There are 2 protein chains.
Amino acid sequence: MKPATLKEIAATLGLSISTVSKALKDYPDVSNKTKKLVKELAETLNYRPNAFAVNLRTKESKTIGLVIPEVVHHFFSSVIKGIISEAEDKGYLVIILQSNESFELEKKQIELLANKQVDGILISLANGTYDFSHIKAVMNQGIPLVMFDKIAKIVDCSKVIIDDQKAAFDATQHLIDTGCKRIAHFRGPLTPQNSIDRFLGYKKALLHNQIPYDPSLVYILDSMSFEEGQHFTKELLKDHDDIDGIFINTDLVAIGSITELNKRNIKIPEQISIIGFSNWFMSSVISPSLSTVNQPGYLMGKKSFKLLYKEIKKRKEGKKINYKNIELKTDIILRDSTKKL
Amino acid sequence: MKPATLKEIAATLGLSISTVSKALKDYPDVSNKTKKLVKELAETLNYRPNAFAVNLRTKESKTIGLVIPEVVHHFFSSVIKGIISEAEDKGYLVIILQSNESFELEKKQIELLANKQVDGILISLANGTYDFSHIKAVMNQGIPLVMFDKIAKIVDCSKVIIDDQKAAFDATQHLIDTGCKRIAHFRGPLTPQNSIDRFLGYKKALLHNQIPYDPSLVYILDSMSFEEGQHFTKELLKDHDDIDGIFINTDLVAIGSITELNKRNIKIPEQISIIGFSNWFMSSVISPSLSTVNQPGYLMGKKSFKLLYKEIKKRKEGKKINYKNIELKTDIILRDSTKKL
DNA sequence: CTGAAAGCGCTTACAG
DNA sequence: CTGAAAGCGCTTACAG
């Protein structure tokens with residue numbers, strides 16, 4: 001019932017605590033006979049080292065923190081899965097906190113994790129985050145930190161991202177290649193780097209094809225929800241009757257848009273083509289199915305943890321950490337919401 | 001950079017460590033003057049108690065473990081969100097592990113959490129779990145544990161569930177009320193309690209309406225995936241040409257089924273009505289939209305943590321823990337995959 | 001009102 | 001090859 005301690009094992013065998021500790025950890029300077037004795041008793045007593053004591057001594061908890069804007073989200077839950085599977089592999093556990101896209105909450109979560117003395121932090125920034133002193137603060141405390149997906153260019157740390165600009169360029173280019181001439185864009189809020197980059201990719205593609213950029217075709221969304229997809233589609237149809245394509249920042253919004261267009265019997269892709277971003281599972285089952293950019297969430301989770309793990313190790317060895325930028329490949333999934341080439 | 005300790009504060013102020021500790025915790029037997037002095041210095045030094053030392057002394061980590069079959073799953077991610085929000089509220093952090101529906105992995109995760117000395121465990125069982133000695137083992141170690149959603153009736157502990165049998169009965173009854181006479185059932189594996197209960201509810205509804213129970217109409221699925229939904233729909237159509245309704249254990253499978261029926265131009269609900277289970281977001285946007293049982297994931301997460309929290313507190317106070325069963329209400333969401341009443 | 005002391009359970013440099 | 005000792009940073013019962 002109550003867990004055994006080194007002290008008890010030592011007392012039972014008439015050995016010192018030090019010897020027992022060293023025997024269990026296979027130190028070379030303990031006799032094989034003693035090792036065998038100790039290990040056997042430890043086994044029968046079901047000895048487990050007290051994690052709290054080990055943490056205090058070794059100053060590490062083998063635990064990392066993860067701060068994510070929203071857990072109920074296909075992309076992010078894939079990332080979470082990648083992180084915890086890779087972490088487990090390396091003997092680390094993962095504490096998850098959710099920022100709800102709020103800057104204030106994000107600051108609080110980071111603080112909680114720092115107080116908890118996690119060995120490292122993985123974070124995808126909230127949309128509301130416009131200042132990064134909380135990030136710099138934990139890094140200054142010596143806690144390794146890696147950003148993924150929603151990053152801040154301005155912060156000097158390791159990052160795992162996709163090339164949002166290129167992916168957005170490709171998506172928009174595909175609309176153009178399949179004949180669209182008046183292409184709207186539903187973008188995310190103004191601060192997050194990835195919504196900026198996707199917008200820039202969109203704009204670049206237009207210019208690249210000598211299509212004039214018209215700011216009135218760009219709608220700035222806030223919550224990136226299904227409802228916003230419906231709402232802004234209505235707005236768009238009200239404002240412009242000549243639209244033949246929309247590049248939409250995220251699939252959930254695109255699905256809202258498709259729903260609205262279906263309701264109005266506007267033919268997709270004949271009248272309006274739609275391309276989304278993220279490749280949610282859902283996108284393959286609505287009708288028409290949604291062409292989109294595939295974002296490798298699981299892989300991003302794995303890579304992010306691996307990078308963090310390396311930094312944790314380097315830090316322990318007292319070595320200098322060189323920040324790295326990993327950019328993952330995306331690809332375009334062609335389905336029925338865009339015309340065939 | 002390096003965090004301040006009590007020792008440093010004590011040395012700076014010429015006080016003892018004990019007094020500093022007590023001053024920070026507002027012990028009544030410390031003078032206000034001293035308290036003020038200590039608190040001010042702690043503030044300027046940005047003092048944070050060393051979590052590892054506190055854990056070791058207090059024998060608690062203010063951390064709980066969560067073992068879940070699959071993170072990338074609308075229902076479970078809602079549960080996760082409910083748990084971490086409630087936990088945060090009470091000053092607890094949550095470590096998440098995923099069993100991948102595997103018994104072996106689940107055992108390993110439980111072991112990891114026990115070794116980590118979490119203050120409590122929340123678990124939804126893997127489909128593969130047929131033996132519960134690992135659960136009993138951690139409970140015997142004195143770690144409070146609460147099961148939710150996928151539980152084992154046989155294990156004596158607190159549980160948060162829905163009334164799967166009643167929900168399944170209601171879903172099947174709705175098919176019958178809207179005119180279905182030959183109703184198939186796609187069920188989950190044989191061991192999980194909720195797939196058993198949903199099957200029993202289905203059967204009960206048939207008998208209640210004098211519809212003979214035909215075992216050949218019940219298909220046992222394994223992975224509960226979209227692909228299985230397509231596959232078993234094909235099988236069903238091959239085996240039986242007189243089906244007019246299907247009650248499907250989970251929405252994802254139902255969506256696979258709808259996709260297959262759509263492909264074959266079988267009219268839903270005119271020729272075959274479909275009702276699912278769980279109310280994934282996706283179910284509202286496919287066409288036809290899916291009638292289903294709404295399962296309150298977020299609430300289930302909140303309630304589960306609350307229950308665990310009470311047990312952790314009771315245990316700390318040395319009080320006896322009385323296991324509780326909480327049953328949450330479900331309701332049927334009527335959409336377009338079933339006929340109107 | 002303040003402090004010395006014990007102790008949580010472990011690790012590891014050092015002595016013998 | 002084994003053990004005594006120091007120490008991680010804190011909490012708390014006890015003494016003064």
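Among the conditions (1) without any contact (Cβ under 8 Å) to a residue 40 or more places away in the chain; (2) outside the structural domain of A:LEU217 (by TED's automatic domain parsing), the only one that A:GLY128 does not satisfy is (1). With respect to (1) open to solvent by 10 Å² or more (accessible area, probe 1.4 Å); (2) more than 16 Å from B:SER278 (Cβ to Cβ), the lone exception for B:THR233 is condition (1).
If the condition is being on the phi > 0 side of the Ramachandran plot and open to solvent by 50 Å² or more (accessible area, probe 1.4 Å), then the range A:198-225 contributes only A:GLN210.
Residues in the range B:39-58 that are within 12 Å of DNA strand D (Cβ to nearest atom), more than 7 Å from chain A (Cβ to nearest Cβ) and either within 14 Å of the chain's Cα centre (by Cα) or among the charged types (D, E, K, R) (or both): B:ARG57 alone. All of A:ARG264, A:ARG335, A:ARG315 fail the test of being touching a residue at least 24 places away in the same chain (Cβ under 8 Å), among the basic types (Lys, Arg) and assigned by TED's automatic domain parsing to the domain that holds A:ASP214, apart from A:ARG264. Among the residues making up the range B:1-26, those that are near DNA strand C (Cβ under 7 Å from one of its atoms) and surrounded by fewer than 16 Cβ atoms within 10 Å (Cβ to Cβ) are B:GLY14, B:SER16, B:ILE17, B:SER18.
Taking the range B:94-197 as the region of interest, the strands (runs of 3 or more DSSP E) fully inside it that hold 1 or more residues being open to solvent by 10 Å² or more (accessible area, probe 1.4 Å) are B:158-162, B:183-187.
The selection criterion, being within 16 Å of DNA strand C (Cβ to nearest atom), of a type outside the set (Gly, Ala, Ser), within 14 Å of another protein chain (Cβ to nearest Cβ) and under 16 Å from B:LYS116 (Cβ atoms), does not hold for B:LEU66. Looking at the structure I just gave you, is B:LEU56 under 25 Å from A:ALA114 (Cα atoms), within 15 Å of DNA strand C (Cβ to nearest atom), open to solvent by less than 70 Å² (accessible area, probe 1.4 Å) and touching a residue at least 24 places away in the same chain (Cβ under 8 Å)? So B:LEU56 does not fit the description; no.
Residues of the range A:236-250 that are acidic (Asp, Glu) and either open to solvent by less than 40 Å² (accessible area, probe 1.4 Å) or within 24 Å of the chain's Cα centre (by Cα) (or both): A:ASP244 alone. If we scan the range A:30-53, do we find a residue that is more than 16 Å from DNA strand C (Cβ to nearest atom), at pLDDT below 95, in contact with a helix residue (DSSP H, G or I) (Cβ under 9 Å, 6 or more places away or on another chain) and part of a helix (DSSP H, G or I)? The answer is yes; a qualifying residue exists. Might you check whether a residue that is outside any helix (DSSP H, G or I), in the same structural domain as A:LYS306 (by TED's automatic domain parsing) and of a type outside the set (Lys, Arg) occurs anywhere in the range A:76-90? No, the conditions are met nowhere in the range A:76-90.
Let's see how each residue does on (1) within 13 Å of another protein chain (Cβ to nearest Cβ); (2) farther than 21 Å from B:MET282 by Cα:
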position	(1), (2)
A:GLU227	yes, no
A:ASP242	no, yes
A:GLY245	no, yes
A:THR250	no, no
A:ILE272	no, yes
A:ILE275	no, no
A:MET282	yes, no
A:PHE305	no, yes
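Considering B:ILE255, B:ILE275, the condition of being within 17 Å of B:MET224 (Cα to Cα), without any contact (Cβ under 8 Å) to a residue 40 or more places away in the chain and not assigned by TED's automatic domain parsing to the domain that holds B:ILE80 is satisfied by B:ILE255 alone. Within the range B:3-27, residues that are free of Cβ contacts under 8 Å to residues at least 40 places away in the same chain and closer than 26 Å to A:VAL138 by Cβ sit with their Cβ atoms under 9 Å from residues that are open to solvent by 50 Å² or more (accessible area, probe 1.4 Å) and more than 7 Å from DNA strand D (Cβ to nearest atom), at 6+ positions apart or across chains, in these pairs: B:GLU8/B:LEU45; B:ILE9/B:LEU15; B:ILE9/B:LEU45; B:THR12/B:LEU45; B:VAL20/B:LEU13; B:SER21/B:TYR27; B:LEU24/B:LYS39.
So which residues in the range A:27-46 are of a type in the set (Val, Ile, Thr) and open to solvent by 70 Å² or more (accessible area, probe 1.4 Å)?
Pass one, the range A:27-46, residues of a type in the set (Val, Ile, Thr): A:30, A:34, A:38, A:44.
Passing the criteria: only A:THR44.
For A:LYS33, the conditions (1) among the basic types (Lys, Arg); (2) in the same structural domain as A:VAL138 (by TED's automatic domain parsing); (3) more than 30 Å from B:TRP280 (Cα to Cα) all hold with the exception of (2).
The values are calculated or read from the model by the stated rules, or taken from the named source; none is laboratory data. As the structure is a prediction and not an experimental result, all values here were calculated from the model. No Cβ is skipped: glycine too gets one built from the backbone with ideal geometry, and neighbour counts run over all protein chains shown. Ligands, DNA and RNA are stripped out before the accessible areas are found, and what is left, the full protein with its side chains, is counted by its heavy atoms. Shrake-Rupley method; radii C 1.70, N 1.55, O 1.52, S 1.80 Å.
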